[in-house]
1. Please state which one of THR99, THR133 is modelled with pLDDT under 80 and β-branched (Val, Ile, Thr).
2. Exposed (fewer than 11 other Cβ atoms within 10 Å of the Cβ) and modelled with pLDDT of 80 or more: does that describe GLN117?
3. Hey, could you check the stretch 48-84 for residues that are among the small types (Gly, Ala, Ser) and out of contact with any Lys or Arg (no Cβ under 9 Å at 6 or more places or on another chain) and say which is modelled with the highest pLDDT?
4. Looking at the stretch 32-85 only, could you name the residues that are of a type in the set (A, V, I, L, M, F, W, C), in contact with a helix residue (DSSP H, G or I) (Cβ under 8 Å, 6 or more places away or on another chain) and either surrounded by 13 or more Cβ atoms within 10 Å (Cβ to Cβ) or outside any loop (DSSP other than H, G, I, E, B) (or both)?
Amino acid sequence: MTSVPGKSTRILPKSLLWSPDLYLLNTNDDKDPEGRLEVCDHVRLHDNGTVVCRGQTILVTGCEVDLFTFPFDSQSCPLRFGSWLYGWDELRWENMSFTAEMQKEADWDLIGFPVKQEMMTHIGWRDPHSELTVCLMLRRKPFFKVVELILPCALLQALTCLFVCLFVYRWWS
């Protein structure tokens, strides 16, 4: 137990506290096809009842990609979180704070991640359940694709036209 004047916190193993079964519902992970989230082993319990669990995890999921405006495109990738055991009346996402950090990518910028809670009902389920959707908003950095893809293609096309013109000129002369 650590003490600060007027405040106290305890660091406890997560197994001593109740925690719901949380899953990434739209996972594509071959190693963990269920998508169960185990982010931290220990939690920080504050004297006002707040529980803080900090940790890192790697999420594997798939997104629809719209290539119409490639390489000047922005993409939206929803991450759906929920519980298979607890219904809407038993588990709600309240006072959640999210921070998203993305590994430095040469191709993408993280421009936002709006969060929304929904009450969902699925076929075969009697009770509605709570789902949290975090939508990652990504913007492609076009410079790299222009340099890597478009510029070389344009140069090859120009060289091809030049060689065809030179060949026709020499053939007719």
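1. THR99
2. Criteria not met by GLN117.
3. Out of the qualifying residues, it is SER76.
4. Answer for the stretch 32-85, where residues must be of a type in the set (A, V, I, L, M, F, W, C), in contact with a helix residue (DSSP H, G or I) (Cβ under 8 Å, 6 or more places away or on another chain) and either surrounded by 13 or more Cβ atoms within 10 Å (Cβ to Cβ) or outside any loop (DSSP other than H, G, I, E, B) (or both): CYS40, VAL43, CYS53, PHE70.
The values are calculated or read from the model by the stated rules, or taken from the named source; none is laboratory data. On a predicted model such as this, the values are computed, not experimentally measured, just so you know. When we count neighbours, we look across all protein chains shown, and the Cβ atoms used for this are built from the backbone with ideal geometry, even at glycine.
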